[in-house]
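The values are calculated or read from the model by the stated rules, or taken from the named source; none is laboratory data. All of these numbers come straight from a predicted model, not from anything done at the bench. Note that each Cβ is placed from the backbone with ideal geometry, even for glycine, and that neighbours are counted across all protein chains shown.
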Amino acid sequence: MVAKIKDVASLAGVSTATVSHVINNTRYVSDEVKKKVNDAMQELNYLPNPAARSLRRQRSNIIGLIVPIKNNDSTQQYFMSIASGIESVLKKHGYHLLLSNSMENAEEELERIKVFNSQHIEGLIIAPTSRLGEGLEQSPFGSYPVVYIDRKPPRFESDCVVVDGFSSSCAGVKLLIDRGHKRIGFLSGGLEISSTRSRFEAYEQALRDHGLPFDEALIRKSYDTSWKAGCQLTAELVERQGITALFAANNTLCLGATSYLRERNIRIPEDFGLLCYDDYEWTEVMTPSLTVIRQPTFGIGEKAAELLLQRISSPKKKSQEYLLPGELIRRGSI
């Protein structure tokens, strides 16, 4: 039989109110009485109800997380690593993490936000879609603080943790140019997302810095980011535009690119240079292993959680943007 608070009170020889004060630390109780209550709870294996305690304190200790993972999308690994970083910080402070998925769909995203609004969460970390709150005059969020990760939405300013994809992408494209490549293709998803747009801007800047012309014909932007799309688009760039190198700013598209190049027996790096954004295990076990831009995924999560906890304790602080460095990892594909 599960012990109740009245059983603890009876064994300790105190009132149920006193037991409640000891558990919730809501009033002064002498050390002698605290010991009696704690001893009684231990003897009865009594566990306080955390939900009830939270309601009494008008706190839920719950932080929401919304990620935009599409079906058959390899970004699951990326966002789960971020989630692990978030949880590693939250659990040290007694918070619990609830995860939800918008599937990169603005309508689904709004529904997930509404659910979290009804859950009385204490804060939200979200990788927003490019259409966050589209058509709304006011923010869709509740009164809790919000931290954006991975990308910034065009509206509803708040704290943000993103990666400096611009600098690392510039360095990667420069490496291709230094290897003698002049016709360098660019392959990515849609540019509505700020993080993807910064990679494209870096590609343009690197070409300009080295006196190479920007050619729109060498660009492929696809809302279909499957590996099959990557294979098809790479074929177009190689066979119709004669590119000798490619910056794939999406790792799934890059997987498709490598599939095409291997099918056509195009040698990497002898005949073709390949730069991939994001460092997944498959990029290292390829032959040759791929030169990539690595994002500090766990660190993104840690920083986002720290920032959110700061915002919970100091809600009136001015919103901040934190830019974490990306890292160019040189391997065998350039």
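Taking the criterion of being more than 20 Å from ILE66 (Cα to Cα) and among the small types (Gly, Ala, Ser), the residues of the stretch 148-188 that qualify are GLY165, SER167, SER168, SER169, ALA171, GLY172, GLY180, GLY185, SER188.
Look at (1) surrounded by 20 or more Cβ atoms within 10 Å (Cβ to Cβ); (2) over 26 Å from the mean Cα position of the chain (by Cα); (3) part of a helix (DSSP H, G or I); (4) not aliphatic (A, V, I, L, M) and you find that GLU236 fails only one, number (1).
A quick yes/no check of all residues on (1) touching a Lys or Arg at 6+ places or on another chain (Cβ under 9 Å); (2) at pLDDT 90 or above; (3) of a type in the set (Lys, Arg):
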{"position": "MET1", "(1), (2), (3)": "no, no, no"}
{"position": "TYR28", "(1), (2), (3)": "no, no, no"}
{"position": "ARG56", "(1), (2), (3)": "no, no, yes"}
{"position": "SER84", "(1), (2), (3)": "no, yes, no"}
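Pairing each residue of the stretch 290-309 that is closer than 12 Å to VAL162 by Cβ with any residue that is surrounded by fewer than 24 Cβ atoms within 10 Å (Cβ to Cβ) and of a type in the set (Val, Ile, Thr), provided the two are 6+ apart or on different chains, yields C-beta distances under 9 Å for ILE300/VAL162; LYS303/VAL89; ALA304/VAL89. The set of residues from the stretch 310-334 being at pLDDT 95 or above, not β-branched (Val, Ile, Thr) and not in a strand (DSSP E or B) comprises GLY326, ARG330, ARG331, GLY332, SER333. Looking at the stretch 135-200, the strands (runs of 3 or more DSSP E) lying wholly inside it that each contain 1 or more residues that are of a type in the set (Phe, Trp, Tyr) and either at pLDDT below 95 or touching a Cys at 6+ places or on another chain (Cβ under 7 Å) (or both) sit at 146-149.
Taking the listed residues ILE329, ILE300, the one that is buried (at least 16 other Cβ atoms within 10 Å of the Cβ) and in contact with a Lys or Arg (Cβ under 7 Å, 6 or more places away or on another chain) is ILE329, with no other qualifying.
So if I check each of THR252, THR234, which one is at pLDDT below 95, among the β-branched types (Val, Ile, Thr) and in contact with a Phe, Trp or Tyr (Cβ under 8 Å, 6 or more places away or on another chain)? Talk me through it step by step, then tell me what you get.
On the way: THR234 fails: at pLDDT below 95.
Being at pLDDT below 95, among the β-branched types (Val, Ile, Thr) and in contact with a Phe, Trp or Tyr (Cβ under 8 Å, 6 or more places away or on another chain) holds for just one of THR252, THR234, which is THR252.
Let's see how each residue does on (1) within 24 Å of GLY94 (Cβ to Cβ); (2) hydrophobic (A, V, I, L, M, F, W, C):
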| position | (1), (2) |
| --- | --- |
| ILE125 | yes, yes |
| PRO128 | no, no |
| GLY135 | no, no |
| GLN138 | no, no |
| GLY142 | yes, no |
| VAL163 | no, yes |
| ALA171 | no, yes |
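Can we say THR258 is outside any strand (DSSP E or B), more than 19 Å from GLY332 (Cβ to Cβ) and polar (S, T, N, Q)? No, not satisfied.
Within the stretch 76-103, the residues that satisfy the criterion of being closer than 16 Å to PRO128 by Cβ, surrounded by fewer than 22 Cβ atoms within 10 Å (Cβ to Cβ) and over 9 Å from the mean Cα position of the chain (by Cα) are LEU99, SER100, ASN101, MET103.
Inclusion of ARG155 among residues that are surrounded by fewer than 17 Cβ atoms within 10 Å (Cβ to Cβ) and of a type in the set (Lys, Arg) is warranted.
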